[in-house]
1. Please list the radius of gyration and Dmax for the stretch B:257-333, considering alpha-carbon atoms only, with Å as the unit.
2. Let me know the mean shielding of D:146-158 by other chains, meaning the per-residue number of their Cβ atoms within 10 Å of its Cβ.
3. In the stretch A:46-76, which residues have a backbone nitrogen under 14 Å from the label point lying 7 Å from residue A:38's Cα in the Cα-to-Cβ direction?
4. Rounded to whole Å and ordered largest first, report the semi-axes of the equivalent ellipsoid of the stretch C:241-290 derived from its Cα gyration tensor (root of 5λ).
5. Bin by bin, in steps of 10 Å, what percent of the Cα pairs in the stretch A:125-179 do you find, going until the bin that has the longest distance?
6. Pairs of Cα atoms under 8 Å, at least six residues apart: use those to get the relative contact order of chain B, whole percent.
7. Which FRET efficiency value, to the nearest 0.05, is calculated for residue A:23 and residue C:276 with the Förster distance at 41 angstrom and r the Cβ-Cβ distance?
8. So what is the calculated 222 nm ellipticity per residue for chain C, using -39500 (n - 2.57) for each DSSP H run with n of 4 or more, over all residues, to the nearest 500 deg cm²/dmol?
């Protein structure tokens, strides 16, 4: 059965998902809604979708699934509404910036027995999947320490930062999700440090641009996360997992697999410098996984609960920075 | 203007090109011809093309360009016929196994002022392009030595080998083309050595499975080519170009960018082991380049002449092996 | 002028230093003291030194400098005694496991205007020095984040662990010193987490085998340290420093620079698995630096103060683990 | 038993060998001879050797072994004289530039049942040894193709080149020896190409600066050798051996194991740029192997025959370039 999709939001990430839907066998894009007419028209023209209002989409009998790419503060309401309307919902992270609101929304989805997948595309990256498969195959024994290095090529505009919920909810949230995925055990305690090192305007906006976090599980496994908003050499996305029998690492993606040697030494090109080019394959695989779930009724691989837990870790990190202490997750969830 | 395509041949490489046409903006697949009904139907169903005979395609007013993926011994005739019919032609290498036949065919195309592009997809590989751009940007100064390492993951069936024209015409031909592309100067002399090391059946079929070639230009630049039909670790495709100011290398493509460390050491996955997965992006870029030429009238980046020269280098290599001497290209072209 | 040395302690590290003295121009080994006759005789026979008592060495007119490689609990007393006797002193870390005792000892050295160098050999490793030089040359701009990965190939015997002062004072202490060296600013706050993951006997001895630490300076620079007592693939010693203009990394040292490719992929040998082989060049360079200081009166590059600060960081880390809070260095020094 | 050495020649390579003798257990340097007084004095002062004439050394009862580092045209005479005098002889390559003279000299050594080792230090390089061990352990199955990349950082002075016997006898000779070592089978045929690309003065001196060679054994194994006198990025010394089960490579040695990432990409330092620093460990291991042979009577690992065969391969390569043909080794030896 072909899953018939509508997308809400035709901005940058909305276009990525529309493209993914178009390229995945078994999925078709039926409709798109966006108050910005030009953006909506672009998706219509590129992917052959119809323009509809959100109301119309909720009521459309020819729409099975909806991808939500609207601003964060609309996510929870839309999820509730669309699930009630019987649509399978894929929502970009986060469900909401408020943990309480997320909990309420998930309760609504559960009560409606709705299908909800929250977008954490890194779990679908081919290299990260190869790393996870190596762990699952027992190649490194028991997982002991996860090290996540996650550096953006540059900070978003300060206006965006002000609405983003801060570095932990906006950027580290992806690492929190990857940490939970790889640790194989819930996090018990969070310790975090954060600074403003790259741009004082970020500090003036009440946020940080540089952060380090230590997560500890009940059995004592650790995960460290290193974040900064600015890496001159591109979008730095590395994972290393250390276990009882060995270690496995996922390396970065350079713009080309070449190396130049000259009198100054050996030179390779910088990294891909944009999350959409770095994670192109991941976004497509993510939508393909969602299509599979809608078709088979299988549980979604990244759930509302995953979204909530990543957000709770972000809140714990903020609390740790503010109060200078190790925060127990039991305080929050 | 959208270029309307037909493909002749719906086998392995025919499907690759059909997929490339489908994915390239400005191109559309109208028709497919293949005497094997199932293969043709597969392309029809997957890419929405109509089934037509070659005759019908030659006569079709809604077909601007034809991609020839039929057996080698049909290439030259088809090129002549389709060019005469006013179609732009993309033909998989080689034009023919006989140098005389190739020359005659190209004369026909010239007389008809036809458009012909010969498929040498490696020139369109993103990594090899980055290497070429570095050379063109002067990063290594004057090119002095090109080193091509080209190893197949495994030999094709002996039946294929018998019809293939031998390792130099079937496999090394790609390296000969890359050599000409990178040397920036025609080859003047060829020295070659060839052996049967991996499978005596290949020798029994009159062919070799292992070969090394030295090409020399008039000004004394060198290119060495190392070929074998069997590399256990995948499809080994490396280029290194040494120049007066430095050197540039294009590295291999592994199945994943991960590395495992354990008590035995550090382990990375093997290489992609199939030319179609290794060169997926190259095949798409190649068709995109052809579409651009058909649309703009620009000369094709890989021409019938390129096809002829690569074949002539293969003949020279065979002659060098047979007679134990350095062969001058002036003997052949 | 040739600096005439005596070494106290002829065990493993004592032999390393005796060998370093023998290999460094401008240094000569005159005498060795060790209560274990066989060990002392081995150094005498290998390097041509005389056997003397510690008393005799302190009184020897033909001894300019003394290297202390005795058990930790003797260090502070020996330093005081030898400095008083007018000897230049090189002492293996740590000066003492008690911060108070270290402070008293350093006060004694200062009062005597003595020469004291504390052994932190990593600062003398050629690769780490190349990394430091790149930073000092401005290649990465302002230092923002230091990441130290330091994993032992295996835990020492539990008996040793019991006397060692624990993982932070015994193992992380080297990373604390490297952190101070690279941050270029004193650490203001310490957050640490520690677990027992590799061997319950280590926990039973009151110690940890796995630890992660975040250090923060007053201006907000961070250093993260990842330690474990067991890395199956060898002695894992990596540094990465991230700055405003870029990043610099020092890589590991494998047992050989070879790589094997086969049907399972690409394989490199494991790392050197012993601190003495990994840091052979560093130990020699460290003694050479000490000889230079003794000869020229230049201040020693790693001082008693450095030893004290690294120990204070270890105490802060322990306090952070115990109390679940961010510890200010101003509480300790 | 300690082997008592004299060295003839106290130039650059003579000092390397004197240093190696000094550092190898079981060897001691007794005497040095060099007509250049300052050079001889330097070895005397650095390593504690006595100055003696060659005559005196030949007659010395306290000299067991002699290392010959004098100009090439003296090697054969000195070997004959010292072997006759009962000394074990280590001679730097080549024994002579004339194949006939080498044969006569080796006949003399055989008749005298003398001990002769010819210096091919690459066989003693730790990385190349690890590669050879992997082959011998069966890790790549049967050897099929050896690829040697050997590029000097810069050409020697033209005066040296004029006396050197040309690139094949002076530079490629090391690769010829490595080829024989790794192929495990004598070379049957030689094909070579050579050019002047880096400096016309080298051509004016009758030599080449760039060369490529294909060696073929009777069973069809190949070795390709790529040489140039100028690599801007350092002393490029790589080996790759391809076999039926896989491949093994030995990588280059950089000046430091660091990498810098910045807005231009990733940068590693250049290679060591001098054969003496690149092969320091190899020279020491080579002398240690010779000491072992002198002490035990074991056959030397690199013999006069090895020296002759490498020279014969050089002659064959020259002949191949001159006559444009594949040269059979049976024409020469």
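1. Cα-based Rg and Dmax for the stretch B:257-333 come out at 20.9, 60 Å.
2. Going residue by residue through D:146-158 and averaging, the value is 1.
3. Under cut-off, by backbone N: nothing.
4. Over the Cα atoms of the stretch C:241-290, the semi-axes work out to 28, 21, 7 Å.
5. 19, 41, 24, 14, 3
6. Averaging sequence separation for qualifying contacts and normalising by length gives 20 percent for chain B.
7. Step by step, r from the Cβ atoms, then E = 0.15.
8. -11500 deg cm²/dmol, from helical runs alone.
Readers should treat all values here as calculations from the given coordinates under stated rules, not as data from a laboratory. Note that the structure is a prediction, hence the values are computed from the model and not measured. Note: ideal-geometry Cβ built from the backbone for every residue, glycine included; neighbour counts use all protein chains shown.
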